[in-house]
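The values are calculated or read from the model by the stated rules, or taken from the named source; none is laboratory data. What you are looking at is a predicted structure, and each value in this text was computed from that prediction instead of being measured. Note: ideal-geometry Cβ built from the backbone for every residue, glycine included; neighbour counts use all protein chains shown.
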Amino acid sequence: MINKLAINGGVPIVSDPQNWSTHDFDEDDIYAVSRVIRSGKIGKGEQIDAFQREYADRYGVKYGIAVNSGTSAIHTCVAALNPDPGDEIITTAWTSGGSIIGLLLQNCVPVFADIDDTMCLDPVDVETKITSRTKAILVVNLHGNIANVRELRKIADKYGIYLIEDCCQSHFSEDNGIIAGTLADISGFSFGGKHLSLGGGGMVLTNNTALWERAILFHDAALPRKNGPATGKPYANYFLAPNYKITDIMGALGRVQLKKVDEYVNNKIRSAKTIIDGLSDIKEITPQKVRPGVKHTYWNLKLTIDTDSLKCTAYEYAEALEAEGIIPSYGPYPLGIPELGPLYKHPFLTEPNLYGNSKFPLDYNREIPIDYTKVKNTYGERLMSGGITIPMQPSFSEEYIGQIIDANRKVVTAFK
Ligand SMILES: Cc1ncc(COP(=O)(O)O)c(C=O)c1O
């Protein structure tokens with residue numbers, strides 16, 4: 001029976017699931033990387049300098065700092081603000097742990113505001129969370145969408161606090177001509193399997209010279225390197241900082257990949273739009289809301305399933321889709337690992353086990369320590385409980401895109 005779900009023994013829509021390549025690594029990448037290796041100067045920094053310059057230029061931003069992951073990019077953004085222990089940073093709970101790990105390592109505390117129908121921070125709720133200890137708003141542009149960053153910029157300016165943009169998933173997304181990452185005081189990007197992928201790595205962008213000075217020192221153990229802000233000072237570590245540098249091998253690869261990134265982005269957008277159009281008559285499926293004038297670059301395609309009408313959970317829906325040969329993930333995880341949901345439910349915050357057996361920094365200078373077990377973002381929990389994620393690859397064939405549509409149609413029909 002053609003309509004019998006594959007998970008129940010029916011014939012799957014995709015008979016030969018493929019490993020779609022994420023990126024076009026080719027002779028030009030091999031040449032660029034091998035040239036660096038042959039030069040014997042893999043840590044010299046010339047390729048890194050050029051990559052930082054070229055990346056920042058693509059965004060029309062003054063400074064770029066290449067780092068070794070998205071997590072370290074966001075950590076560097078936070079550290080650039082030189083916060084005091086216990087300072088609060090308002091952010092979203094629907095994101096990778098990598099958005100807040102650096103914030104906690106810098107002894108700040110995340111304060112979780114709710115999201116709106118874009119699945120990103122709701123500016124109205126953000127404003128209600130501002131206190132005398134708020135240092136910054138950290139907005140995450142989820143899946144390639146853009147939050148209402150203009151409104152968040154206004155709020156940050158009104159209260160004299162910083163705005164950080166986590167663009168790890170939203171390379172080259174735009175809001176009415178403004179590229180994601182350029183409205184914030186400082187922003188961070190990941191190159192670990194994102195639109196621009198180096199198998200790891202990240203970038204920090206800023207127009208603010210004071211923030212750049214602290215950030216570039218921070219990513220390099222606060223050492224006085226040539227042409228850096230501490231040039232000429234005695235060789236010493238000037239403040240507590242890690243080593244988040246990349247090598248020239250990654251810098252060289254990044255420069256070649258940057259030339260190809262538009263094609264990756266355009267392919268993802270085209271595929272996502274075709275799928276959204278193909279599912280538009282199914283009222284039980286709603287794609288992530290995109291505000292007018294926003295260019296979503298679809299690192300992933302997020303769909304909300306009306307689980308009440310379909311009488312299944314989003315996890316069951318995703319399992320059925322996977323059996324049809326479509327590779328969804330549930331939340332940010334592969335299937336088989338049900339996610340815990342918002343970050344405030346994750347053990348590192350609920351137990352908490354941040355620094356040994358202490359509650360630091362959640363109890364620093366506070367009569368009542370922050371208790372994440374009491375946090376609840378009502379709208380976000382309702383919206384995201386029906387969410388399934390289809391990772392988008394730039395190499396998807398038209399046939400596979402059609403199969404994604406057919407498989408969703410089949411699963412909806414079966415669960416109705
Ligand atoms: C929104 C967001 N922030 C931060 C990170 C951390 O990036 P990385 O895995 O490169 O450390 C990720 C990773 O996927 C992410 O999606």
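Quick check on my filter: what residues within segment 255-271 are within 18 Å of the chain's Cα centre (by Cα) and more than 11 Å from HIS171 (Cβ to Cβ)?
Selection gives ILE269 alone.
For segment 1-86, please list each of the helices (runs of 4 or more DSSP H) lying entirely inside it that holds at least 2 residues being more than 26 Å from the chain's Cα centre (by Cα).
By residue number, 27-39.
Residue check, PRO224 against (1) in contact with a strand residue (DSSP E or B) (Cβ under 9 Å, 6 or more places away or on another chain); (2) surrounded by fewer than 18 Cβ atoms within 10 Å (Cβ to Cβ), all met but one. Which one?
(1)
Yes/no per residue for (1) modelled with pLDDT of 90 or more; (2) among the β-branched types (Val, Ile, Thr); (3) more than 16 Å from the ligand (Cβ to nearest atom):
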| residue | (1), (2), (3) |
| --- | --- |
| LEU301 | yes, no, no |
| ASP308 | yes, no, yes |
| THR313 | yes, yes, yes |
| GLU316 | yes, no, yes |
| ALA320 | yes, no, yes |
| PRO332 | no, no, no |
| LEU335 | no, no, yes |
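Here are some residues: GLY98, GLY86, GLY70. Which one is surrounded by fewer than 24 Cβ atoms within 10 Å (Cβ to Cβ) and within 15 Å of the ligand (Cβ to nearest atom)?
Unique residue meeting the criteria: GLY98.
Any idea how many residues of segment 27-45 are modelled with pLDDT of 95 or more and either under 20 Å from TYR264 (Cβ atoms) or of a type outside the set (S, T, N, Q) (or both)?
So the answer is 11.
Considering segment 195-208 alone, what residues qualify as being assigned to a strand (DSSP E or B) and either within 14 Å of the ligand (Cβ to nearest atom) or closer than 17 Å to LYS260 by Cα (or both)? Spell out how you get there, then give the answer.
The initial filter retains those residues of segment 195-208 that are assigned to a strand (DSSP E or B), namely 202-206.
The answer is GLY202, MET203, VAL204.
Go through the residues of segment 384-404 one by one and say whether even a single one is among the acidic types (Asp, Glu), surrounded by fewer than 17 Cβ atoms within 10 Å (Cβ to Cβ), over 22 Å from the mean Cα position of the chain (by Cα) and more than 21 Å from THR95 (Cβ to Cβ).
yes
Every residue, every condition in (1) among the charged types (D, E, K, R); (2) buried (at least 24 other Cβ atoms within 10 Å of the Cβ); (3) away from the ligand (no atom under 13 Å from the Cβ), yes or no:
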{"site": "ASN148", "(1), (2), (3)": "no, no, yes"}
{"site": "ILE164", "(1), (2), (3)": "no, yes, no"}
{"site": "ASN176", "(1), (2), (3)": "no, no, yes"}
{"site": "ALA184", "(1), (2), (3)": "no, yes, yes"}
{"site": "GLY193", "(1), (2), (3)": "no, no, no"}
{"site": "ALA210", "(1), (2), (3)": "no, no, yes"}
